[in-house]
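Structure first, then comments.
The values are calculated or read from the model by the stated rules, or taken from the named source; none is laboratory data. Since we're looking at a predicted model, the values are computed, not measured. Quick reminder, even Gly has a Cβ in these numbers, built from the backbone with ideal geometry, and neighbours come from all protein chains shown.
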Amino acid sequence: MLKKKIRVLIVDDSALVRNILSQGLSQDPGIEVVGTASDPYVARDMIVKYRPDVLTLDVEMPRMDGVEFLRKLMPQYPLPVVMVSALTQRGKQITIEALEAGAVDVVAKPTSNVAQGLQAMMMELRTKIKIASTANVSHWKSKRSDTQESPPVSTTSKSLAESTDKVIAIGASTGGTEAIKTVITQFPASTPGVVIVQHMPAGFTRAFAERLNTLCLMEVKEAENGDRVMPGRVLIAPGDYHMKVRRSGGFYYVDCVKGEKVNGHCPSVDVLMHSVAEHVGANAVGVMLTGMGGDGADGMVAMRKAGARTIAQDEKTCVVFGMPKVAYERGGAERLVPLDNIAQTVLSYL
């Protein structure tokens, strides 16, 4: 039986970019470009007409930016959306907002060595479109677009405590930015140190951390080599760097190192969780959130063998039930937990 092609609609204000994306995607036998739109208004009509499986959406556009469009689109026509973003400061910021508004993933436009960068970007985009086509975005249906903003948390209640004994390690991929936000905004300021690997292109992890820092009671930052893991602090692995936890005396620190991709990713959840298993052992809690593939499953098995408590997000609340499923099936995750109950479960283990 012939496998059904993934129908893609491209939305970008540049005719050149629309042409490049259209040609690049059409080279994949599993993808069919059903149309291209120059702005969200044209796109809206084409969505109704062609019913695409996946949308690629430029972040910065005239008349209506990608975020505004998503906020209007997702409650009416929930569609898996992959953002195509320039690495400008504004581009990064809007991309994080777009992920909050329902986009499932992001691909960065090349900035240097455009020919080679373009090839790499097209490979990444084709892969992410295939992953996005399996994403569950149905929960966006009929969400009111005026409720998506969380109130900023007062930063005065953030407190960095002095002792460290527990560490919470979290791994996520597709759909993970929203899942991470849901979990860590429920953590009180005194929660033990949290280390996170979210599969995300380099350049976006800092904007992601800065956004979370405005919403959480804990301090959230993009990790730097040598940062201390401590209560009240969340460290997010920087894009293109593996993050490992090490113990020195009574304290934990992170090493952020360049390295080959592990399971196709840098940062890799496996690298983080193996280091946590080795250096934190039974004092750790491991959490696997939504994402495609099996990165982190082996590391989570190692954590569990070392005495750590471990959980994974359940299928119903995942955008993509890949990483949690593999972690659970291999025995790395003790149990599957709905997203809204994860923070509470972690805190009960501590």
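Among the residues that make up region 241-255, is at least one of them closer than 27 Å to residue 129 by Cβ, at pLDDT 95 or above, surrounded by fewer than 24 Cβ atoms within 10 Å (Cβ to Cβ) and touching a Lys or Arg at 6+ places or on another chain (Cβ under 7 Å)?
Yes, some residue in region 241-255 is closer than 27 Å to residue 129 by Cβ, at pLDDT 95 or above, surrounded by fewer than 24 Cβ atoms within 10 Å (Cβ to Cβ) and touching a Lys or Arg at 6+ places or on another chain (Cβ under 7 Å).
Is it fair to say residue 58 is modelled with pLDDT of 95 or more, charged (D, E, K, R) and either surrounded by 15 or more Cβ atoms within 10 Å (Cβ to Cβ) or in contact with a helix residue (DSSP H, G or I) (Cβ under 7 Å, 6 or more places away or on another chain) (or both)?
In short, no.
Quick check on residue 33: is it at pLDDT 95 or above and over 26 Å from residue 112 (Cα atoms)?
When the stated conditions are applied, residue 33 passes them.
For residues that are within 19 Å of residue 123 (Cβ to Cβ) and touching a residue at least 60 places away in the same chain (Cβ under 8 Å), scanning just region 28-55, find the one that is surrounded by the most Cβ atoms within 10 Å (Cβ to Cβ).
Only one residue tops the list, namely 54.
Scanning region 87-105 for residues that are crowded, with 19+ Cβ neighbours inside 10 Å and among the β-branched types (Val, Ile, Thr), which turns out nearest to the chain's Cα centre (by Cα)?
Only one residue fits best here, namely 104.
Check region 231-239 and report whether any residue there is surrounded by fewer than 19 Cβ atoms within 10 Å (Cβ to Cβ), in the same structural domain as residue 267 (by TED's automatic domain parsing), closer than 25 Å to residue 175 by Cβ and out of contact with any Pro (no Cβ under 6 Å at 6 or more places or on another chain).
No, that holds for no residue.
Which residues, taken from region 28-83, are closer than 17 Å to residue 106 by Cα and of a type in the set (Ser, Thr, Tyr)?
56
Out of the residues in region 320-343 that are of a type in the set (A, V, I, L, M) and not in a loop (DSSP other than H, G, I, E, B), state the one that is nearest to the chain's Cα centre (by Cα).
323
In region 275-300, how many residues are in contact with a helix residue (DSSP H, G or I) (Cβ under 6 Å, 6 or more places away or on another chain) and among the charged types (D, E, K, R)?
2
Rundown of residues vs (1) within 19 Å of residue 347 (Cα to Cα); (2) part of a helix (DSSP H, G or I); (3) modelled with pLDDT under 95; (4) touching a Gly at 6+ places or on another chain (Cβ under 9 Å), yes/no style:
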residue	(1), (2), (3), (4)
187	yes, no, no, no
191	yes, no, no, yes
195	yes, no, no, no
206	no, yes, no, yes
210	no, yes, no, no
217	yes, no, no, yes
221	no, no, no, no
225	no, no, no, no
234	yes, no, no, yes
